[in-house]
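The values are calculated or read from the model by the stated rules, or taken from the named source; none is laboratory data. Note that the structure is a prediction, hence the values are computed from the model and not measured. So basically every Cβ, Gly included, is an ideal-geometry build from the backbone, and we count neighbours across all protein chains shown. Ligands, DNA and RNA are excluded from the accessible area calculation, which covers all protein heavy atoms including side chains. Shrake-Rupley method; radii C 1.70, N 1.55, O 1.52, S 1.80 Å.
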Amino acid sequence: MIEIDIIKPLYTADGIIDLKVNKQINKGDFLTLFGKSGSGKTTLLRILAGLETPKSGKIVVDKEIWFDSSKKINLSPQKRNVGFVFQDYALFPNMSVRKNLEFALKNKNEIKKVDEILEIMEIENLSNMKPEFLSGGQKQRVALARTLMTNPKMLLLDEPLSALDTTMRLKLQDELSLIHQKFNITSILVSHDISEVFKLSNRVFKINLGEIQQDGTPNEVFSNQNISGKFKIIGEVLSIKKSDILYIVEVLTNNEIVKVTAVEDEIKELKIGDKLLLSSKAFNPILMKI
Ligand SMILES: Nc1ncnc2c1ncn2[C@@H]1O[C@H](COP(=O)(O)OP(=O)(O)OP(=O)(O)O)[C@@H](O)[C@H]1O
């Protein structure tokens with residue numbers, strides 16, 4: 001269990017706002033922080049990692065006090081043992097993949113763990129390569145593998161997949177999900193990608209201007225309560241074309257492209273790249289084993 005009750009002033013272009021979090025996160029949760037740019041998501045991850053200090057409050061992880069302003073306790077990042085993965089892979093460029101993993105080992109007697117993790121992450125074939133020769137997806141897989149070397153109590157993922165192309169992103173989402181199931185590490189992800197949120201997390205904090213405005217499952221947070229559609233999927237607008245009096249909207253859903261007709265009112269506020277909810281009321285899907 002992670003108990004967070006902190007306040008930290010954020011210096012934004014529009015003035016000072018308080019990042020205020022008073023929440024508990026269950027062990028094994030996969031939580032996503034979702035919200036506009038500048039709302040405080042990365043700062044919250046950095047506070048948990050011990051890289052930023054709140055003005056006041058408390059952070060308790062599995063009954064261990066990581067931070068308590070009243071008792072002047074502030075555990076160093078090394079003592080917190082969290083795994084942090086960023087968008088840029090932060091691998092040591094002069095070391096091979098294997099050396100990058102070995103370097104992260106705290107207990108050098110656990111050297112066989114390197115091979116275990118290389119195998120789990122399916123990167124044994126890359127073990128002697130230097131990062132500069134790896135693709136973005138491969139580098140991020142190595143960065144994740146390196147993070148797992150220290151048996152972290154918590155995995156902090158700051159938009160780790162946002163620099164990757166769609167195919168690689170979907171593949172690494174599957175891997176993240178598998179890692180989470182296998183190691184049951186409490187994970188906190190920052191993501192702007194709603195389909196990623198649905199795929200990976202069981203809980204979402206929707207943050208705005210430093211405050212958590214919504215807390216629930218992805219369905220609770222994102223499904224528009226006014227729509228009573230029987231069938232709902234999240235998609236992304238790829239194109240909007242006019243056809244007579246209607247519009248044809250191409251929507252990407254789970255790597256499939258679907259064409260949907262829409263009226264002017266529906267497309268008024270839509271632009272390419274927008275996330276949307278595709279729903280249908282009188283639609284009875286047919287299930288077929290393949
Ligand atoms: N150490 C700090 N102290 C005070 N304010 C900070 C600090 N670090 C960042 N800020 C400010 O706090 C605001 C929130 O930054 P943060 O990076 O947490 O936002 P974010 O929600 O992660 O945004 P994005 O989605 O763009 O990454 C920004 O306006 C930033 O300038």
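General observations
- Here Glu110 clears all of (1) at positive phi; (2) acidic (Asp, Glu); (3) open to solvent by less than 70 Å² (accessible area, probe 1.4 Å) except the condition numbered (1).
- For segment 199-222, a residue qualifies if it is open to solvent by 70 Å² or more (accessible area, probe 1.4 Å) and away from the ligand (no atom under 16 Å from the Cβ), and the qualifying residues are Lys199, Asn202, Asn219, Glu220.
- Some residue of segment 68-77 being touching a helix residue (DSSP H, G or I) at 6+ places or on another chain (Cβ under 9 Å) and either at pLDDT below 95 or open to solvent by 80 Å² or more (accessible area, probe 1.4 Å) (or both): yes
- Pick from segment 181-192, criterion open to solvent by less than 20 Å² (accessible area, probe 1.4 Å) and outside any strand (DSSP E or B), ranking: nearest to the ligand (Cβ to nearest atom): Ser191
Table: residues versus (1) within 28 Å of Leu176 (Cα to Cα); (2) within 15 Å of the ligand (Cβ to nearest atom).
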{"site": "Gly50", "(1), (2)": "yes, yes"}
{"site": "Glu64", "(1), (2)": "yes, no"}
{"site": "Lys72", "(1), (2)": "no, no"}
{"site": "Asn81", "(1), (2)": "yes, no"}
{"site": "Val85", "(1), (2)": "yes, yes"}
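- When each of Thr43, Thr32 is tested for being at pLDDT 95 or above, within 6 Å of the ligand (Cβ to nearest atom), in contact with a strand residue (DSSP E or B) (Cβ under 9 Å, 6 or more places away or on another chain) and not charged (D, E, K, R), the lone residue that passes is Thr43.
- Take the conditions (1) within 16 Å of the ligand (Cβ to nearest atom); (2) within 24 Å of Glu211 (Cα to Cα); (3) open to solvent by 60 Å² or more (accessible area, probe 1.4 Å); Lys27 misses just one of them, which is (1).
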